[in-house]
Structures are given as structure tokens and as C-alpha cells.
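Below: the structure, in C-alpha cells.
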């Protein structure tokens, strides 16, 4: 097994001195349609360690679209799939080795000073390693409904309801029900200041 020497995690510490890269491209059709694609690879060496901090190899592809629909309705969608791993190789996989997949669809409509939005997210993390006591497999979905009112140029109010249903397989090792539903309601007032 591996053990961290530091009592904290420093996710942005440079460990292996390897440069990563990303490539992206956009295609736009006037103001009605936009497609964006990207590939990201940080090229980290997952077995590199410095002061208890491992390098995490992270790669993903993503595609997103933004469309202006009739009746002044906006649609935004994104799909991302990737993987991340770190640590020594144990039983043909790194100590942490997961694939992830995430997608969302958002509809939004503005009426005068009002904006109404509805969003659906779906996500999945697949565990490829055999570190059972650190099971990172998870799947779930989220619904979000939001309303915003622009009271004036400098003041706006907003309300948001969020409901997330998730199944995290590793929770069972801590005697926690692996399936959970959480809901949140948030109210906010925003002020803009300018010179």
C-alpha cells in the first residue's frame, strides 16, 4: 500500500516537471449556433511522487454546443469523457485508476428582466483499480431549476432549486447508505458596483 507523507493534499503542486497540452476548436454560425471541441492531456507521470504528493495523469475530451432556438430559448449542452490515475501499479492498475463521463443539457429563456433556466446533469465514475477500501465508483444525476430577476442595472435577485441523486459505491465501507438524494434551495441578492 502507499501512504502520503504530508497530512494534506496539494492538487496543483508540480511533481514530475512534464508539460501537458490541450487543443480546442470552435465553429460558429452567426449568433445562432456554436460548437466547441477540446482534448486535454496533462501528460503527468502517475508514479512520480514528491513530499507525499503523487502526480495525477488526467485526460479528457469534451464537446459542447450552444443553440439559439425559436421563442428566444437558449440551449446549451456539454459532454465530457476522460480518465485519471495516480500511484504505484498494483494488480495491473494504478492505486487510483478511474474513467469518468459527464453530460448536461440546459434550457434558458429570458422575458424582459426575468430569466428562467432548467438544467439536467448526468455523471458516472468507473473504477478500474482494485483498491476496494478506496472505491471511487459513482453515478448519479442532478436537476436544477433557477429564476433570476434583474431589478436594476446594479441589483438582481435569484432563486435556485437543486436535487442530486447519487450512488457512491465506496460509502458502504464506512457504513453509509451508498444511495443518497440531496436537495438545496438557495436565494440570493446580487449587487454590482462600478466606478
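The values are calculated or read from the model by the stated rules, or taken from the named source; none is laboratory data. Values in this document were obtained by computation on a predicted structure and should not be read as measured data. Cβ coordinates were reconstructed from backbone atoms using ideal geometry, including for glycine residues, and neighbour counts include every protein chain displayed.
In the condition set (1) in contact with a strand residue (DSSP E or B) (Cβ under 8 Å, 6 or more places away or on another chain); (2) loosely packed, with under 14 Cβ neighbours inside 10 Å, residue 94 is compliant with all but (2). Only residues that are assigned to a strand (DSSP E or B) and loosely packed, with under 10 Cβ neighbours inside 10 Å were counted in region 164-184, giving 1.
Which of the residues that make up region 152-163 are surrounded by 12 or more Cβ atoms within 10 Å (Cβ to Cβ) and in contact (Cβ under 8 Å) with a residue 24 or more places away in the chain? Walk me through it before giving the result.
Within region 152-163, the first condition is being surrounded by 12 or more Cβ atoms within 10 Å (Cβ to Cβ), and the residues that meet it are 155-163.
Matches in region 152-163: 155, 156, 157, 158, 159, 160, 161, 162.
Residue under question is residue 61, and the condition is that it be touching a strand residue (DSSP E or B) at 6+ places or on another chain (Cβ under 8 Å) and touching a residue at least 12 places away in the same chain (Cβ under 8 Å); does it hold? Yes. The set of residues in region 29-62 that are modelled with pLDDT under 95, outside any loop (DSSP other than H, G, I, E, B) and within 27 Å of residue 108 (Cβ to Cβ) comprises 29, 33. There is no residue in region 97-105 that is free of Cβ contacts under 8 Å to residues at least 40 places away in the same chain, at positive phi and touching a strand residue (DSSP E or B) at 6+ places or on another chain (Cβ under 8 Å).
Residues that are surrounded by 16 or more Cβ atoms within 10 Å (Cβ to Cβ) and farther than 30 Å from residue 96 by Cα within region 66-85 comprise 66, 76, listed in sequence order. Here residue 129 passes the criteria (1) without any contact (Cβ under 8 Å) to a residue 24 or more places away in the chain; (2) farther than 24 Å from residue 163 by Cα; (3) surrounded by 15 or more Cβ atoms within 10 Å (Cβ to Cβ) except the one numbered (1). On inspection, residue 176 qualifies as within 29 Å of residue 130 (Cβ to Cβ) and touching a strand residue (DSSP E or B) at 6+ places or on another chain (Cβ under 9 Å).
Does region 175-191 hold any residues that are more than 15 Å from residue 142 (Cα to Cα) and in contact (Cβ under 8 Å) with a residue 24 or more places away in the chain, and which are they? Working first, answer last.
Kept after step one, since they are more than 15 Å from residue 142 (Cα to Cα), are these residues of region 175-191: 175-178, 186-191.
Selection gives 186, 187, 188, 189, 190, 191.
Based on what the data block shows, is residue 12 free of Cβ contacts under 8 Å to residues at least 60 places away in the same chain and farther than 21 Å from residue 99 by Cβ? Reasoning before the result, please.
Values: free of Cβ contacts under 8 Å to residues at least 60 places away in the same chain: yes; farther than 21 Å from residue 99 by Cβ: yes.
Yes: the conditions hold for residue 12.
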